[in-house]
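These notes concern the structure reproduced below.
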Amino acid sequence: MATKIDEIISDIIKVEGGYTNDKNDSGGETKYGVTIAVARQNGYTGPMKDMPEEFARKVYLNQYVVKPGFDKILALSESIAAELVDTGVNCGPGIAGKFLQRALNGFNNRGKSYPDVLVDGNVGQRSVDALAAYLKMRGKADGEVVMLKALNCLQGARYIDITEANNKNEDFTYGWIKNRC
């Protein structure tokens, strides 16, 4: 499992790239996709340009894999876990968790296939059990494809909402949807 998590984090770092400090990016200084605020919250005190990749990897593992419970999803579906981690990095892990929970509730045949889950962004045992039931009901291959489409639809809609709320985000919308959805 650790190897797959390492692969997921490596893929995110590739997409996020190195150091940036775009005046229109609300995150401010960023390196490997870790904003200065997140770096500081996790104990990094040096210049962002010098933040080591290993530090970013630890942040990703702790804040975007383990803390939101996405590591529990990995045993059921590597592709869904990877999508949740990536969305968590870009939109916040609570948002990614809510996307999963909303989709699960939308796919459960009004609670007949498995119980609704609370849409709180915390991926706990009920969310894991619901995903397992969903994948069993729909078949792993088809179920994953449709769940990934649903997650990407929700993510894309969020990017448009963010852009409509603040037009400086138009600088990023195309890239977000191209690289993330």
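Would you please name the residue that is surrounded by the most Cβ atoms within 10 Å (Cβ to Cβ), looking only at residues in the range 1-25 that are in contact (Cβ under 8 Å) with a residue 60 or more places away in the chain and under 19 Å from residue 39 (Cβ atoms)?
9
Regarding the range 100-107, can at least one residue be identified that is exposed (fewer than 14 other Cβ atoms within 10 Å of the Cβ) and not assigned by TED's automatic domain parsing to the domain that holds residue 63?
Going through the range 100-107, the residues exposed (fewer than 14 other Cβ atoms within 10 Å of the Cβ) turn out to be 106.
Then drop every residue that is not not assigned by TED's automatic domain parsing to the domain that holds residue 63, which leaves 106.
Yes, the conditions are met somewhere in the range 100-107.
Could you please give the count of residues in the range 161-181 that are under 22 Å from residue 85 (Cβ atoms), part of a helix (DSSP H, G or I) and free of Cβ contacts under 8 Å to residues at least 60 places away in the same chain?
Residues that pass the stated criteria total 6.
Quick test for you: out of 90, 122, pick the one residue that is of a type outside the set (D, E, K, R), in contact with a Lys or Arg (Cβ under 8 Å, 6 or more places away or on another chain), farther than 16 Å from residue 6 by Cα and at pLDDT below 95.
Working: 122 fails: in contact with a Lys or Arg (Cβ under 8 Å, 6 or more places away or on another chain).
Exactly one residue qualifies, and that residue is 90.
The values are calculated or read from the model by the stated rules, or taken from the named source; none is laboratory data. Here the structure is a predicted model, which is why all the values come from computation and not from measurement. No Cβ is skipped: glycine too gets one built from the backbone with ideal geometry, and neighbour counts run over all protein chains shown.
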